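The next block holds one structure in the form of structure tokens; read it before the comments.
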Amino acid sequence: MILCKADTSEIFLEGIVGADWTGEGITTAGVAEALRHMKGRATIRINSPGGSADEGMAIYNLLRRHGGGVDTHNEALAASAASIIFLAGDRRTMERGSKLMIHRAHAVSIGNQESMRKMADVLDLYDQDMAKLYAEFMDKPVDEVLSLMNEETWFDADTAVGANLATHLSPTVKKKTAAAAAWFKHPPQDLFDEGSVEQATAWLKVAQNRLKLAKVQ
């Protein structure tokens, strides 16, 4: 979902990166349309578990090209492809209680052993591209960043700033409910507010047969 508030030059990005089976989601076309209504610097507010790496990179490049400049805010969660979008901001602010996550690329493949080997090579290309981008901000060797991605590394507000993935902490103490995703391997226990239930994306559930309703204990 993309919401635009032209009077405050804010764009709100909520949910999955890329179009899902319903046609909803955070898309490059949708962000481009929202940017048309922006006069000067735009503030991008993100709460997303990620999704399509290609869409995330395309939105990153789109935001970096915005003539008026862009600032990004992690409202609750900027994970996976959404963390790439977050990096597009000149000023990258973590709200209190927000989380950022980086990991290796995921994919679904059907075929024989040669097809699977080819898919592994493709995934390696995606990992390398994402690792190089993160490394530019973190000032770390690409191999070290790949190790962090392999472990599905989570950053809270303070550690995101410490890693230079974010530049500022917000003074706010309000905590929003993060958008859940069943492809997370090691989400921190305090990611969700008590009692919140978020439905993981249906398109990935169909493709992988592994998504389910994310429930908070």
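The values are calculated or read from the model by the stated rules, or taken from the named source; none is laboratory data. Please read these numbers as outputs of a predicted model, since none were measured by experiment. We place every Cβ from the backbone using ideal geometry, glycine too, and count neighbours over all the protein chains shown.
Number of residues in the stretch 94-117 that are at negative phi and surrounded by 13 or more Cβ atoms within 10 Å (Cβ to Cβ) equals 12.
Within the stretch 141-158, residues that are modelled with pLDDT of 95 or more sit with their Cβ atoms under 6 Å from residues that are assigned to a helix (DSSP H, G or I), at 6+ positions apart or across chains, in these pairs: V142/A131; V142/K132; V142/A135; V145/A131; V145/Y134; V145/A135; L146/A131. Of all residues in the stretch 79-117, those satisfying the criterion of being part of a helix (DSSP H, G or I) and touching a strand residue (DSSP E or B) at 6+ places or on another chain (Cβ under 7 Å) are A81, A82, S83, I85, F86.
For the stretch 164-183, the criterion of being closer than 25 Å to E14 by Cα, within 14 Å of the chain's Cα centre (by Cα), at pLDDT 95 or above and not basic (K, R) is met by at least one residue.
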